Structure formats: structure tokens, C-alpha cells
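**Q** Starting off with a structure, shown below.
We did not get these values from a lab; they are worked out from the coordinates using the rules stated. Fair warning: this is a prediction, and the values are worked out from it, not measured in the lab. All Cβ positions, glycine included, derive from the backbone under ideal geometry; neighbour counts span all protein chains shown.
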Amino acid sequence: MNSYGGRILRVDLSREEISFQETKAYADRWIGGRAINTWICLDEMAPEVEWNSPESLLCFGVGVLAGTLAPGACRVSIECKNVFNGGIGSSNVGGFWGTELKYAGFDHIIVKGKAKQPVFLFVSEKEVKILDASHLKGKTTWETEAAIRESFGDERIRVTSIGPAGENLVKSACIICDRASAAGGSGCGAVMGSKNLKAIAVRGRAGISVADPERFMKAVDEEMKKVNQWEFIKEIREKGYYGAMGGRLESKGWEEGYRPVKNGQDEYWGRDKIAKIAENVMQNYRTATVACFSCPTACRPWTKVPEGNYSVEGEGWWNNSSNAFCTKIDNTDIESAIYAHHLTNQLGLDMDNASQAISWAYECYEKGFLTKEDTGGLDLSWGNGESMIKLFRKLALREGIGDLLADGALQAARRLGKGEDFVIHVKGQDSLDGVRINKGWGFGIVVSPVSGRHLRGSLGGFWLTRGKKVNSYEDVPRDLFYSQKKKVVQDILGTCSYVYGQTLEDWIELFSSATGRHLTKEQFLEIGLKAHNLEKAFNSLHAGFDRSDDYPCDRYYNEPVKSGPYQGETLDHEIWDNMLDELYELHGWDKTTSLQTRKGLEKLGLKDVADKLETFGKLAP
Amino acid sequence: MHIWLDPKRCKGCLRCELACSFHNSGHKLFSPALSSTRVTRDAENKTITLSIDSTCDLCAGEEFPLCVKACVFGARGRE
């Protein structure tokens, strides 16, 4: 199969069985990546299966263009059951691991079962082995990767692994690829931990062919021209995304609600505090920028604190980092924040989810709901970066108060019997993002089938700029409906949002010349729509979600922004209801319940999904 | 003609390896294993080393060395 590895690897850890399938069995209908994974989750997991039971699935799917010269095509989709709410879990990650898997001849790995003791997988084009990982138990992702690579004596072995957080089934656990690329959200690291699967090491020496090499290379050249002509490309290569774009002191992003302050009490931090962590300061800690596989952008800063208590160096620092480790807990100490960034990667914690639970704990401390007695002596006063670092460790190890937070802030509040009204979550999953100012951003996050996350079609950021005022509700449902579909296409192909200038037409030309398969723009978007409907169906069946789950959490729905240029900004309840009506109508879903309809699904060729939903009483009447 | 390398400018994307493998495979495959040039990045301190082995034919038959064309970071060039 041109542009594919060609096979799907199935691993049953309970039975210690390895089997193979042709990717083609799924590719004709679902093309690849996220869509194939989601179909397998919906088709093969029964609704009553718990995320941590052996029957649950953990699906890795590499993008169709990954492994070729298509700019930035390296990304992997990971699908499973969401540990926070039982709905669809879904994450997406860059780095080098995914393309190595394709060079080993595989597009997907589907893991089922639970190993009796910690194991890791070794996958190459010649063999697949389930190996003992007892010696890796408790090790960080950095230690795990180094140990595996050293044991094989091959520096090109690529590793994806979980840290202590995943082993301890902490719900904010992620899967770390190549030390620094985090597959965050949904708790996929906890699912991996529940299977006693510590890591997947991959080495591939085969190649990826394309159907029409000359046409494909021409399409690559055209795309590269656009990348190189982008007005910010020189600066982003020099400073990374944060330094060149979102982290600049003068960036509007600081004002537009992307970085909630003090557990979402506000959405603006004030210029004095921003100036302590923005690019004017970060430049002192950035020693270089680096790239993912086949990426011409190189958005990733290499950050280094050279000395002192927070001495560390490694790959990465994102806009999210400045939210998770700074604004969320009012921390202006950049060195502790950089340390925390790399620490969460080592512990295998998703910064978005984990920092949210921690900022909730800080607010509990402010309100007297948690005391030093509860925190094991930690002073959780706003701004205390040192305590934040200790708390991340406790969280990953489920130690003391860390155990309270390990099932997410909503569960913690329920156990504590207090503080539920200021838990920031989407459908029960801790959520990093602010939603009150940028309406297209916020609406996309709240209605996302994967329970939050801002890269699921949310409108905003430089790749989905709408040319409208940031707080405008105008055309939000219609624009989101389009971008939701487009994002699925991107995740199927494995391309990256940070490779600027890629249009749907560009992707189609790359796809057609690479695979020899010709789809129109409309056909591609319909695949995106179908895959989105699979996620929706999974949520109806497995989590029982309906319209009531498409509203923001209490604080964001009811409290205004307190300061800054958007002081007083709120979410209008009537408009929110109208936007839901419009979005459901565009999807062909029932407005009252949000459930899918037979008519809508059959129009998309998803009769089998409609039948399944009907069997379980989850189809709209 | 020879190809010069500047590891200080390299970002470790491996596009040069892919381009080289495309040439070495007769425009059939993308595979770092088939590449004559090699990019190695130290995971712990980011130090990058670049090399070209004896299988490099300076892209005989191509209009321009493909690895040089593929590098957008100025980490290699033709001289």
C-alpha cells in the first residue's frame, strides 16, 4: 500500500498473543489514523467495558502521510476510553516514534488485555516481542527511554512510554513519545498503565513508497514554498512558537482568555506579571530550537535552567506551559515553571489536565477547604512554584494529597465534599482552557467529543483565524462545523497545525499522489464528518452524554472575566443554546437530546452505527 | 563538488535523510535506513552531529543534491 506501513499490529497482553491484519481492511472506509482508531474503539469495545479492564483497547494510529517528505507529517493519534468519563479518549502527538513505526511496516498498534507483570513491546520490521519491564518499574519516561535504547545499543530506537503517573493510574497521565512529545488528555497514560505496558520501543528499517513519486515531490515543493514564504517562519525557526508568536509580550493572546488565572478566577494576568514569563525573559533560557520528524518549522524551543534548585534542560515550552505552570497558580518564577514543564514530561503527566487539578487545590487552600495538614505541609498559597513542583510529584505517586487529586478535580471535590462549584472541567475531564472570551475557541472546546482540548476544531490561533472579533459569536457553529471536519482530515493524514499554509487542497494533492487514491475535497470532509460522528456515537453509548453535557462548567458559564481589556465578558446563555441548536442541526442531530438520528447517520453511510445506537436506545426517536 | 555540513544550524528534522533515501532508492522509497547522510541528536543535551558516508554519489543524475534542497535550516550546502 503506497504511503502506508501496510499492516496493523494486534497485541493481547493477557494471552501474550501477537497477530497482524492488513491496514487495507480498514483504509478503504476510514483512510487511516484517528478515523481507523475511532472505528475500532466503537466497533470492538462494549459499552460496559471500563477503561481499566483488560477488555479495553489502546489504539495507536500513525498518519497516512507520515514517513514521507510531506512537510511535518509525523503525527500519531491515540484512541482509547476516556478515563475521566468513559467517553471517547483521543490524543495526538508528534515526534519521531510514529514514523519509525511505519518504517517497521505498521500503521497501527491495537493493544488489548493486561500483562501479568510490567512489560514493554519491541517492534521492528522483522519481529515483535513482549519483553519484561520489571527493571523499568517506577522509572521516569526519560530514564525508561534511555535504558531501553542502551539495552539494544541502538540510538535510533524510538520509544513511547509512561512514567510513574501512568503506572499509578493517575487520570491525568499521558503517554510520552521521544522524551518530550506528550499525548495528553483522556488519561491514555493511565490506560496504558492499567495494561502493565510500560513502553513501546520501535525500530524500522523498511521504506515507504508513494504512488506517483514525481507528482508527489512536486506537491512537496509547492507546499514548501508556502512554508518558506510565511512572514513569521524565520522568527519561529529562531525562537520557537512561544518566542515568535504566543509568548511575545505584545501578543494579543495574553488578553484573549487563553491563559486562565488562579484556577480560572480571571482571564487576564496583568502586564507586570506577564513580563516575568514572556519571550523577553524566556529568551534567556532558550538555547536552540528543534524539529519533529520531517518538520520545516521547528517550533520547539530547547529550554535550559543552567544552575540552582531548578537546574534542568530539555525540549519544549509551549503556550500551555505558561498557563499550566504560571498563570493558573499565579506563579511568576519562570525557573520553577520550566523545571515543572520538564518534570511533568518525566513523570508522564499531561500538563493541561494535571495543572488544572493542582490549581483547584490551590483555590481550596485559599478558601480554607484544604490546610497544611491536608497537603502534607505544603503551602499552596497562590504563586508558590516550589509547592507546585512537590505537588506534581505527589500527584504522580498518588502520595498524600496527590491521591485525592489523582482522579481529577471533580472527583476530588466530591470526596472532599467541597469546591465542586469551581472545578474547571469539560464533561468531567479537567480542562486547561479558558472559554469565556474567544467564543469560537471556547465553544469548540466545550462541545468537543473528546471532552475539551483546544485542538479539536476550536476557532482561533493563527491556523484558524476567522477574521472576526475574538469575542464575536457570529458564525461560530458554522465555522466550527467545518473545522471539526478539517481537523479529522489532518489527524488522518498525520500533518501538523504548526506547518503553516497547508490548505485542504494541498493535503489532497499530497494524499492523492502518495496513495494513488483520488478523493475530492467534499469526500475528504465527509470522512471527517463521519469520524466525528463515530466519536459522538461512542459518547452516547459509553458515557450517556447528551445535550446537558455540552455546557461549560459553572464558573465559566456564570462568572464574568474580572479584569483586562475584556473585563466583564461573559457567556450569553441564550446565545449558547442557539449555537447548540445550530450545530446539532448542521450535524443532523436531535436538538432536544443532541442524540444522532437514523436519517442523519444513513445519509453518511453509517447505517451500522445507527443500528448499534438503536440497539442500546441511544438513537434519537 | 562537495557538500558541506553545519550541525549548529541543524534542527534534527531528518528531511535530508528522507531526500537522500529517495535518491538512493531510485525515486522509489522514503527510508532513513537507505540514506547516505546521517543526523544524530543527543536526547539529553541536543548536540547534533551530521555525517555523509561513502555511498553518497552527490546525487548523480539529479538537478541538485536532494539533501541540500530538503534542508530549510541552512545546515548543509553544495560547494
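**Q** Under 15 Å Cα-Cα from A:Lys273, which aspartates and glutamates qualify once same-chain neighbours fewer than 8 residues away are excluded?
**A** The qualifying aspartates and glutamates are A:Glu250, A:Glu255, A:Asp330, A:Asp333, A:Glu335.
**Q** Please compute the volume of the convex hull spanned by the alpha-carbon atoms of the range A:372-503 and report it per residue in Å³.
**A** 152
**Q** Distance cut-off 32 Å, Cα to Cα: go down the list A:Lys102/B:Lys69; A:Lys234/A:Lys530; A:Lys487/B:Lys28; A:Lys390/A:Lys427; A:Lys195/A:Lys252; A:Lys198/B:Lys69 and report the pairs above it.
**A** Going by Cα-Cα distance, A:Lys234/A:Lys530; A:Lys195/A:Lys252; A:Lys198/B:Lys69 fall outside the 32 Å limit.
**Q** Using the Kirkwood formula over every pair of different C-alpha atoms, what hydrodynamic radius in Å results for the range A:217-430? Write down the numbers at each step before the final one.
**A** On the way: mean 1/r = 0.0553 Å⁻¹.
For the range A:217-430, inverting the mean 1/r across all distinct Cα pairs yields 18.1 Å.
**Q** Okay, moving on. For the cross-link pairs A:Lys137/A:Lys239; A:Lys239/A:Lys276; A:Lys129/A:Lys607, which exceed 27 Å when the distance is taken from alpha carbon to alpha carbon?
**A** On the way: A:Lys137/A:Lys239 37 Å; A:Lys239/A:Lys276 17 Å; A:Lys129/A:Lys607 39 Å.
Going by Cα-Cα distance, A:Lys137/A:Lys239; A:Lys129/A:Lys607 fall outside the 27 Å limit.
**Q** For the range A:159-299, what log10 I(q)/I(0) values come out of the Debye formula at q = 0.11, 0.12, 0.15, 0.16 1/Å, with one point per alpha carbon and no solvent?
**A** For the range A:159-299, the Cα-only Debye profile gives -0.70, -0.81, -1.08, -1.11.
**Q** Okay, next question. Can you tell me the Rg and Dmax of the range A:238-343, counting just the alpha carbons, in angstroms?
**A** Rg and Dmax of the range A:238-343, Cα atoms, are 13.2, 41 Å.
**Q** To continue, here is another question. What translational diffusion coefficient, in µm²/s and rounded to a whole number, does the Stokes-Einstein relation yield for the range A:50-131 at 10 °C and a viscosity of 1.306 mPa s, taking the hydrodynamic radius as the Kirkwood radius over Cα pairs?
**A** 114
**Q** Over the residues of the range A:329-423, compute the C-alpha Rg and express it relative to 2.2 N^0.38 Å.
**A** Against the empirical 2.2 N^0.38 Å value, I get 0.97 for the range A:329-423.
**Q** Here is a follow-up. Can you list the HN-Hα couplings for the range A:554-568, worked out from phi with the Karplus curve (6.51, -1.76, 1.60; θ = phi - 60°), rounded to whole Hz and with x for Gly and Pro?
**A** 3, 4, 6, 7, 10, 9, x, 5, 8, 8, x, x, 10, 3, x
**Q** In Å and whole numbers, how far do the C-alpha atoms of the range A:440-615 stretch along each principal axis, longest first?
**A** For the range A:440-615, the Cα extents along the three principal axes come out at 54, 44, 23 Å.
**Q** Oh, and also: Return B:Glu44, A:Glu366, A:Glu335 ranked ascending by Cβ neighbour count within 10 Å, so the fewest neighbours appear first.
**A** Listing B:Glu44, A:Glu366, A:Glu335 from fewest to most nearby Cβ atoms yields B:Glu44, A:Glu366, A:Glu335.
**Q** Another one. Can you list the aspartates and glutamates whose alpha carbon is less than 15 Å from that of A:Lys372, not counting same-chain residues fewer than 8 positions off?
**A** The reachable aspartates and glutamates, counting only those whose Cα sits under 15 Å from A:Lys372, are A:Glu363, A:Glu386, A:Glu399.
**Q** Could you work out the mean count of beta carbons from other protein chains within 10 Å of each residue's beta carbon in A:88-101?
**A** Taking the mean over all residues of the peptide, I get 1.
**Q** Can you compute the radius of gyration and Dmax for chain A, using only the Cα atoms, both in Å?
**A** 22.6, 68
**Q** Something else about it: Apply the Karplus parameterisation 6.51 cos²θ - 1.76 cosθ + 1.60, with θ equal to phi minus 60°, to every residue of the range B:36-42 and state each ³J(HN,Hα) to the nearest whole Hz, in sequence, with x for glycine and proline.
**A** Each residue's phi maps through the Karplus curve to give 8, 10, 9, 10, 10, 10, 5 Hz.
**Q** Give me Rg/Rg_expected for chain B, where Rg uses Cα atoms only and Rg_expected = 2.2 N^0.38 Å with N residues.
**A** My calculation over the Cα atoms of chain B gives 1.02.
**Q** Order these peptides, A:597-603, A:7-13, by their mean beta-carbon neighbour count within 10 angstrom, highest first.
**A** Working: A:597-603: 17.4, A:7-13: 20.6.
The packing order, highest mean first, is A:7-13, A:597-603.
**Q** Still on this structure, please answer the following. Tell me the trypsin sites (Lys or Arg not before Pro) within the range A:149-239 that lie in a loop according to DSSP and have at most 16 other beta-carbon atoms within 10 Å.
**A** Here the sparse-neighbourhood loop sites are A:Arg205.
**Q** Sticking with this structure for a sec: Residue by residue, what Karplus-based ³J(HN,Hα) values in Hz, rounded to whole numbers, does the range A:484-497 have, using 6.51, -1.76 and 1.60 with θ = phi - 60° and x for Gly and Pro?
**A** My calculation for the range A:484-497 gives 4, 5, 5, 5, 4, 4, 4, 6, 5, 7, x, 8, 10, 4 Hz in order.
**Q** Quick one: length gained pulling A:Asp475 to A:Ile18 fully straight, 0.36 nm per residue minus the C-alpha distance?
**A** Once the chain is fully extended between A:Asp475 and A:Ile18, it gains 159.6 nm.
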